[in-house]
Amino acid sequence: MSWLWTFGQVPEVDAAKLLEITEAGKGTTPSPVLIDVRTEAEWEAGHIAGSLNASFLPPWSFKSRILPLIEHVPKSAEIYVICLSAHRSIGALKWLRAQGYTNVQQLKGGMKAWRDQKLSEDSPNK
């Protein structure tokens, strides 16, 4: 867990475990929700398959980008927040928790950790 969380540790999952979770969750209901909070350009350059993009920058406009993506997601659903290095994801994770989502974690080390393990990425440009 990361110590950047203001009041304790940030709930997080490592890249290998997230890959396992997403593979196991294919075709299940509800399937895990992956929210990538990097910019649209970062997301288009490469993202985890099935992730939804809702940039956390600037933070004050995050709500308008995320609400349409999660309006039908149950409050108890597994949600995994992804950014480049696991810093922006903390703010998004806190916001989701404040909205009543109870099972939210971030990708430990962000996309940098995912790429360090050479795990596959999707891109609309590929």
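Numbers for the structure displayed
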item	result
Gained length - residue 40 relative to residue 60, 0.36 nm times residue gap less alpha-carbon distance	5.6 nm
Fully extended contour minus Cα-Cα distance, from residue 17 to residue 29, at 0.36 nm per residue	2.4 nm
GluC sites (Glu not before Pro) within the stretch 1-105, DSSP loop, no more than 14 other Cβ atoms inside 10 Å	71
Qualifying trypsin sites (Lys or Arg not before Pro) for the stretch 1-98 [loop in DSSP, other Cβ within 10 Å: at most 14]	26, 75
Label-point separation, residue 118 to residue 73 (7 Å along Cα→Cβ), nm	3.1 nm
Per-residue [θ]222 nm for the chain (sum of -39500 (n - 2.57) over DSSP H runs n ≥ 4, rounded to 500)	-10000 deg cm²/dmol
5 angstrom amide H check on residue 53, placed H, neighbours 5+ away	36
Simple Cβ-charge dipole of the stretch 1-96, Lys/Arg +1 and Asp/Glu -1, about Cα centre, in debye nearest 20	320 debye
Under-5 Å amide H pairs with residue 78, H placed in peptide plane, nonlocal only	33
Net +/- balance of residues flanking residue 98 in space, Cβ distance below 13 Å, scoring K and R +1, D and E -1	+4
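Every number here is computed from the coordinates shown, using simple stated rules; none is lab data. Please read these numbers as outputs of a predicted model, since none were measured by experiment. Reconstructed Cβ throughout: ideal geometry from the backbone, glycine too, with neighbour counts over all protein chains shown.
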